[in-house]
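The values are calculated or read from the model by the stated rules, or taken from the named source; none is laboratory data. Note that this is a predicted model, so its numbers are computed, not measured. Cβ sites come from the backbone with ideal geometry, for glycine too, and all protein chains shown count toward neighbours.
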Amino acid sequence: MAFGARVPGTVEHELCGDWLANQLAQYGAQVHNQYGTMPNYAGNSQPLRNIVAYLEGNTTKAILLCAHWDTRPWSDEEEDYDNRFAPVPGANDGASGVGVILEIVRQLSLLKAQGASIPSVQIVFFDCEDMGSPRHYTGKEREDTWCLGSQYWAKEYAKTIATQSPNNPIQPIIQYGILLDMVGDPSATFPREYISATYAASYLEQIWRTASRLGYSRYFVQQSAYPITDDHYYINTIAGISCVDVIDYKPNTETGFADWWHTQRDNMQNINHQTLQAVGETILTTICSK
Ligand SMILES: [Zn+2]
């Protein structure tokens, strides 16, 4: 958050990306930047940078942990039209998921140093998740203008898996994935979202059961939600990895999200350390269990 809004193409974005890559490397992960382009909402070529890392574990399990690290260039849910052209600060929508994953990786590296058994973890911070058609855009709105970084990564992953030699694999086979998106609100509730429940039911059950055992059922609720367009959709459908989305959903609002969503109020005031703790502990416990 200290870098400012992480809008693709800005210096804040570039510096924050370098910092994230460096943090992951400090925890002992192998890091590489995946650069690419995707068509954006207006049909122009959008450069993107996914930050991809691999922390080698000491069991046969490999798990994908991911979140988007970009912030939306427009606060287009602001009531006042003039306020819609400033970037979203992105404390929840972006930074919260990335922050929790960084801490999980740090914890895993400490556990590994102590000789505990940990799974291998593929980490991906996706770029350009939040570049979908803004409300002021008058052209045709398309769902696939969101999640550009994950679409790119998923296609590359599928290609690598299809062509790599089984004797000398470049890309480890991932058992399942967990996506974190907007996981810091004091009153966050994570529903059993439809795409996750369809493609990754058993992993969803495992996460929700772990949360309940740890006393975090007030966050990981027994409530279903309609399909939510998010990075996990492409991970499930293009990469072929079962992936669960842990996303804050508010069934009683017009947008389905908290009132700060895509506004200037998505700032540190709506970040609560207990929520971050609940999510981090639940995910770490789940991935380290047999
Ligand atoms: Zn967003």
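Counting the residues of segment 167-189 that are crowded, with 21+ Cβ neighbours inside 10 Å and over 17 Å from GLY94 (Cβ atoms) gives 3. Among ASN92, ASN83, which is within 20 Å of GLY256 (Cα to Cα) and either within 16 Å of the ligand (Cβ to nearest atom) or not acidic (Asp, Glu) (or both)? Answer to the check: ASN92. As a summary of the residue check, PRO73 satisfies the conditions (1) modelled with pLDDT of 95 or more; (2) in a helix (DSSP H, G or I) except for the one numbered (2). Scanning segment 155-190 for residues that are polar (S, T, N, Q) and either over 23 Å from TYR203 (Cβ atoms) or modelled with pLDDT under 95 (or both) returns THR160, THR163, GLN164, SER165, ASN167, ASN168, GLN171, SER187. Restricting segment 83-97 to residues that are in contact (Cβ under 8 Å) with a residue 60 or more places away in the chain and surrounded by fewer than 22 Cβ atoms within 10 Å (Cβ to Cβ), the residue that is nearest to PRO172 (Cα to Cα) is PRO87. When CYS243 is tested against (1) within 14 Å of the ligand (Cβ to nearest atom); (2) in contact with a Gly (Cβ under 9 Å, 6 or more places away or on another chain); (3) within 17 Å of ILE228 (Cα to Cα); (4) not polar (S, T, N, Q), only condition (1) is not met.
Out of curiosity, is ARG49 of a type in the set (Lys, Arg), under 30 Å from GLN274 (Cα atoms), more than 15 Å from the ligand (Cβ to nearest atom) and not in a loop (DSSP other than H, G, I, E, B)?
On the way: of a type in the set (Lys, Arg): yes; under 30 Å from GLN274 (Cα atoms): no; more than 15 Å from the ligand (Cβ to nearest atom): yes; not in a loop (DSSP other than H, G, I, E, B): yes.
Considered against the rule, which asks whether it is of a type in the set (Lys, Arg), under 30 Å from GLN274 (Cα atoms), more than 15 Å from the ligand (Cβ to nearest atom) and not in a loop (DSSP other than H, G, I, E, B), ARG49 comes out as no.
For GLU193, the conditions (1) more than 24 Å from TRP261 (Cα to Cα); (2) of a type in the set (D, E, K, R); (3) surrounded by 14 or more Cβ atoms within 10 Å (Cβ to Cβ) all hold with the exception of (1). Scan segment 224-245 for residues that are modelled with pLDDT of 95 or more and assigned to a strand (DSSP E or B) and the total you get is 3.
Could you check segment 107-140 and list, in sequence order, the residues that are within 24 Å of ALA5 (Cα to Cα), surrounded by fewer than 24 Cβ atoms within 10 Å (Cβ to Cβ) and out of contact with any Asp or Glu (no Cβ under 8 Å at 6 or more places or on another chain)? Passing the criteria: only TYR137. Using the structure shown, decide if SER202 is exposed (fewer than 13 other Cβ atoms within 10 Å of the Cβ), over 28 Å from GLU56 (Cβ atoms) and at pLDDT 95 or above. The answer is no for SER202.
Whenever a residue of segment 170-189 is more than 20 Å from LYS250 (Cα to Cα) and in contact (Cβ under 8 Å) with a residue 60 or more places away in the chain, its partners that are part of a loop (DSSP other than H, G, I, E, B) and away from the ligand (no atom under 16 Å from the Cβ), lying with C-beta atoms within less than 6 angstrom and at least six residues away or across chains, give the pairs ILE174/ILE241; GLN175/LYS61; TYR176/SER242; GLY177/ILE241. Residue count for segment 124-142 satisfying the condition of being modelled with pLDDT of 95 or more and of a type in the set (D, E, K, R): 3.
One residue stands out among those in segment 1-18 that are over 17 Å from the mean Cα position of the chain (by Cα) and on the phi < 0 side of the Ramachandran plot: the one that is surrounded by the fewest Cβ atoms within 10 Å (Cβ to Cβ), which is ALA2. Name the residues in segment 54-80 that are polar (S, T, N, Q) and within 14 Å of the ligand (Cβ to nearest atom), would you? Listed by number, the residues that qualify are THR71, SER75.
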